[in-house]
Amino acid sequence: MLSMTPSKKRLAIFIIIGWLLLLASDRVGPLRLYQGSYIATYTLAVASIILLTGYSGQLSLGHGALMAVGAYAGALAIGKAMLHPVLGLVAAALIAGLFGLILGFAVARLSGPYLAGTTLALAVALPTLANQFDVLGGQQGLPLDVGSSPEGFGEDFSQYKWYFWICALAALIMIWAIANLVSSKYGRIYRALRDNPIAAELSGINVGRQKVLAFAISSGAAGLSGALLVILLGGVSPSAFPLGVSFFVLTGAIITGLYNLKGVILGGLILVALPEIADALASRIGGSEGLTNSLPDFLVSALLILAVVFTPNGPGKIFKRSH
Amino acid sequence: MIKSIRMKRLSIVSALVATSAMLLSTLPAQAAQTTGVTVSEIKLGISSPTSGSAGLVYGKVPGAMKAYFDYINANGGVYGRKIKLVHRNDKYTVKGAAASTFDLVYKDNVFALTGALGTATHQSGYKAAGMAAENVPDLFVNSGWSGFNDKNKDYPTTFMVLPTYAMEAKVMAKVIKDNFPGQATFLVVQNDEFGDDAAAGFAAAGHKMTKTFPYPQGGMDISVGRTILQGISEIPGKPVVVLFGTGDATVAMLKAAEELSMTKKFTWLAGSVGADANTLLALKVKPDTIDGVLSASFMPDAKDLTDPYVKQFSAINTKYNKGIVFDNYVLAAMNSAMLTVQALRAAGKNLTRDGLIKAIETKGSKFASAGLVPLGYSSDSRIGYNGYWVSQINAKGEGKPYGGKLAIYTTDSGAGVVKKDDPPYVRPTMPKNGIPTNS
Amino acid sequence: MSQFITAVLTSLSSGAIYALMSIALVLVWRSTRVINFAQAGQAVLTTYIGYDVIQKTGSYWIALAVAVISGAVIGAIIDRFFMRPIFKRITTGPISLIAPVVATLGLLGIIQSSIGIVWGINYQSIEAPVSTDGFEVNGQVIAFNRFNLLILIIVTITMLLLSILFQRTNIGLALRASAYSPEIAKLSGIKVDAVRTFGWAISGAASGLAGMLYIPGYYLYPNAMDLLLVFGFIAAVIGGLDSMFGAVVGAMILGFGLSFSRTYISMEILFPTAFVLLILVLFVKPGGIFSAKKKRGA
């Protein structure tokens, strides 16, 4: 271990995690596989927000819209154009990334609340655009069936195991890419952008270009997570990406700690685990319909406030002295 | 590096805590011999909306089914087993239905689904829960989308009960042709497969709409209604407006007409999905507005207590579903519940999923029910009822046969003609006290 | 022709409601430099309180008064006991810029889910106090009714009262001074903290009024005001977050744009229209229409 460079060590860790996950998928039932797929998907979405907001300092309230772009792109690529799922996912990420590039240009001059407001409006507007274009399936949306596993895997390879393999591997690969990015010089550039844009500009960084690039990459990752999400839903429709999705993944990112990619799996885990725990709690208590439906949101929001107040810089930094 | 060790420890501990909490709280129950069936209980599941605008209209469905099942449980159950109905609120969204249906199958471990509500919602839920692969019976779905009749490909375990939307549209087309020739006609539908099915039915009957107004599911409200009506306010004569949406959409359109004082300017034809008069009145549509509205139904009117089925279900509702007004949705829900009980009985004491599916295929067409048209189950058809009679609502919320005399029309979802049932279909006698004894 | 008249009139009445929300948001922004997402929660909470009052007393007007007053109280409580402690705790680091905003997001979730637990999530309705049948103009019924007219009247009076408050009273002066330059205001003896809480109170009252005017004609449920928050925010941004006048102008622009596009293009193009309007304005003026060239940085 001592002789490996950090990037090789990172690659090794990711490969080991991937291999362990695939082994585990053999031993668990559809429920865990389905939950695991969601965890992977949300972890990826959280990672994309950490990149955009935590590292490059641009607050976006519209990640749901970016996920929707990737979702529709994936549905069209795999469903209509009949591409292989892997190719389709790559296409989804690229198209979402391209969209992010354009969007990044459009909002490059905006900052703070103006950026937040524009991304918020986008989050509300984009899904309804699908109603306008028949090729996007209107309100009904487009079905997306990645089918069952390829024949080579044998009969016992259930639909859910197939989902899990796709989601876990896609998320792992993309997060590994992002992790490499932020450990490289780009990571330092982004942090400079975030903390002191004027100084960054003075030291020769093209602030505008870097912001746009960060936006594009983050959008690509978000788009990929959106495509994974609709694989799990079996289709994409405007109602799959309401405003709540943007807030939901932002919450996950804050709870994880916006400024460090290391704990990102925690974000995905909490986003899936907390509603499940709330669901179980509510049915044990036997509360009213209102309780059952609202308890998950209550717990998530409470955790968000606690996280922001007590561990604003991420759970790891409680013990950190100020620099 | 003390900082990073502590950080790693904290992250690992938090991850472990979250994971174990989730695992413990969602432990799947012990699987029985057949999932959802024990020596004393049969667990059924229903995914339907009980909140939001759809919940306002269809929220009564799970409670009504449960009331009927409670009645049966109090009278011996099904071969001694009590029926337990688990309901999950899917909020009438695709995402909600995917989660609800999945949870019913893999967390609640139900034996079968019954009464799943909605077209796009159930399409998503069926797939997300892998019901085809798991062979989970999908009984009497609350949707008229003809695509659910698909035993050989996408929906191998699904049984419809409502006549298809295409059938209803064809009957409506005949009514328009016979009674309102020469008037302009307009269709207000959801812009998804629910609406497509209706539009296809009108087309199959050879009827061309003057204009169609599609709207997104959940996207009809009074201001949208006003825009539509203002657009057609200058048409001469008395145009026919077909409202083929859910109850909340019908309410929105009628209220918009009230605000524009256009209620008597059009002949209203409301699709059975969204036309229960009592619900319309409960949601504050004025009695004068609903007076004269035409609708289609395949069941007796819920206010017609001379009908033995209506009388029996109404009595059960009073005793087991306290506080809920008996209307057409409650009637339909209890009817489906009675069909469900007969299906479970027909499958025998040794209850399996395959057995249940086979039982409906072979014996389902003979089940007793309140419907005024026959049930079409067979080894290659999963269609339930296949026809409608046309009703006219009055200001009291009663639906009486249009034209005075009851005329029942049957047809198919395709190019077949609409036939008047003469002599009219005779229903199987209702089992004594509404408790099935079939086998 | 009646379509045009209708479009103009509904622009005014919907613009009026957006104006209430955008003023509420701008008030908070100017005094605290925070986008208060919890405003949607405050507005819907006060409307639920109004709903309860109607159930008990049958009077819309009493409910309106109670909603506005409780809106002020709740707004003040949030500033004093939630926002201020947060600002005290988080003073450094990159998180300091977004922590308050995120905190309001969390507060929004808490308020909405608490409403769901206490009142349930089923749709309720509040009846308008006056008729909602359209007026007749030249024998044609238009889609503008007495309630819309009432909304216009109430909001106009409110705007007048607010502008008197801000321009002619001492506390209004204090509010404007504290927003412009807190340090100097403190030096000249203004109790900046108390004044800020007062600003939150007025903001809460405004959103409380917006809720009670908006909900009749729609349904009341925990998320019922989310859309209005988004529109109010867009209106505020269009007008330039620092300007109260801009908030009203932005709201009117948004109201007209949405109403006309819905009437003449299609009902489904609503949100994309809002987005396009916003992007167009920000492209030309990244700080909104009335943004002045002030000191940099939020």
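Considering all different alpha carbon pairs of the stretch B:82-143, the Kirkwood hydrodynamic radius works out to 11.3 Å.
Based on DSSP H segments of at least four residues, each scored -39500 (n - 2.57), chain A has a per-residue ellipticity at 222 nm of -23500 deg cm²/dmol. Estimated from helices alone, the mean residue ellipticity of chain B at 222 nm is -12000 deg cm²/dmol (sum of -39500 (n - 2.57) over DSSP H runs with n ≥ 4, per residue).
Loop-resident chymotrypsin sites (Phe, Trp or Tyr not before Pro) (DSSP state other than H, G, I, E or B) in the stretch B:238-293 with no more than 15 further Cβ atoms inside 10 Å of their Cβ are absent. Take the Cβ atoms of C:Leu165 and C:Ile265, set R0 to 45 Å, and the FRET efficiency comes out at 0.70.
For the stretch C:71-181, the gyration tensor built on C-alpha atoms gives an oblate shape. Its axis ratio a/c (a ≥ b ≥ c) is at least 1.5, and a/b is not larger than b/c. Projecting the Cα atoms of B:Ala302, B:Val325, B:Pro287 onto the charge dipole of the stretch B:276-345, computed from C-beta unit charges around the Cα centre, puts B:Val325 farthest toward the positive end. The string of couplings for the stretch C:32-40 from the Karplus curve (6.51, -1.76, 1.60, θ = phi - 60°) is 10, 6, 9, 8, 8, 5, 5, 3, 4 Hz, one whole number per residue in order, with x for Gly and Pro. A viscosity of 1.002 mPa s and a temperature of 20 °C, combined with the Kirkwood radius over Cα pairs in Stokes-Einstein, give a translational diffusion coefficient for the stretch B:275-327 of 173 µm²/s.
Ranking A:Leu202, A:Ala273, A:Pro238 by Cα position along the charge dipole of the stretch A:167-316, where only Lys, Arg, Asp and Glu carry charges on their C-beta atoms, puts A:Leu202 farthest toward the positive end. What you get for chain B, charging only the Cβ of Lys and Arg (+1) and of Asp and Glu (-1), is a dipole of about 1040 debye around the Cα centre. Distance between the C-alpha centres of the stretch A:1-66 and the stretch B:308-346: 50 Å, rounded to the whole angstrom. DSSP bridge analysis restricted to the protein assembly as shown gives an antiparallel fraction near 40%, rounded to the nearest 5. Taking the average, over residues, of other Cβ atoms within 10 Å as the packing measure, peptides C:43-55, C:149-161 rank C:43-55, C:149-161 from highest down. Mean per-residue shielding of peptide B:218-228 is 5, counting Cβ atoms of other chains within 10 Å of each Cβ. Mean residue ellipticity at 222 nm, helices only, chain C: -24500 deg cm²/dmol; runs of at least 4 DSSP H residues each add -39,500 (n - 2.57), and the sum is divided by the number of residues. Between B:Glu41 and C:Ser96, the C-beta separation translates, for a Förster distance of 60 Å, into a calculated FRET efficiency of about 0.60. Partner shielding of C:272-284 amounts to 4, given as the average count of beta-carbon atoms from other chains within 10 Å of each residue beta-carbon. Look at the dipole of the protein assembly as shown built from charges on Cβ: of B:Thr210, C:Ala24, A:Gln159, the Cα furthest out on the positive end belongs to C:Ala24. Charges were assigned to the Cβ only: +1 to each Lys and Arg, -1 to each Asp and Glu. The resulting dipole of the stretch B:247-347 about its Cα centre is roughly 240 debye. Note on chain A: with a GNM built from Cα contacts shorter than 10 Å, the maximum mean-square fluctuation among A:Arg284, A:Arg209, A:Arg188 falls on A:Arg284. Here the stretch B:86-156 is assigned +1 on the Cβ of each Lys and Arg and -1 on the Cβ of each Asp and Glu. Its dipole about the Cα centre then comes out at about 140 debye. With a Förster radius of 41 Å applied to the C-beta separation of A:Ala81 and A:Trp19, the computed FRET efficiency comes to 0.80. With all pairs of different C-alpha atoms in the average, the Kirkwood value for the hydrodynamic radius of chain C is 19.8 Å. For trypsin sites (Lys or Arg not before Pro), the sites in the stretch B:113-190 that DSSP calls loop and that have at most 10 other Cβ atoms within 10 Å are B:Lys153. Applying the Karplus relation 6.51 cos²θ - 1.76 cosθ + 1.60 with θ = phi - 60° to the stretch A:101-109 yields 3J(HN,Hα) values of 4, 4, 4, x, 4, 5, 9, 4, 7 Hz, where x marks Gly and Pro. A convex hull fitted to the Cα coordinates of the stretch A:199-262 yields 128 cubic angstrom per residue.
Label separation (A:Val135 vs B:Ser365): 4.6 nm, computed from points 7 Å beyond Cα along the C-beta direction. Quick note on the stretch B:377-431: its Rg to Rh ratio, both from C-alpha atoms and Rh being the Kirkwood radius, is 1.05.
Bear in mind that the values in this text are calculations on the coordinates, not laboratory data. In this text, all values refer to a predicted model and were calculated from it rather than measured experimentally. Here the Cβ is made from the backbone with ideal geometry for all residues, glycine too, and neighbour counts use every protein chain on show.
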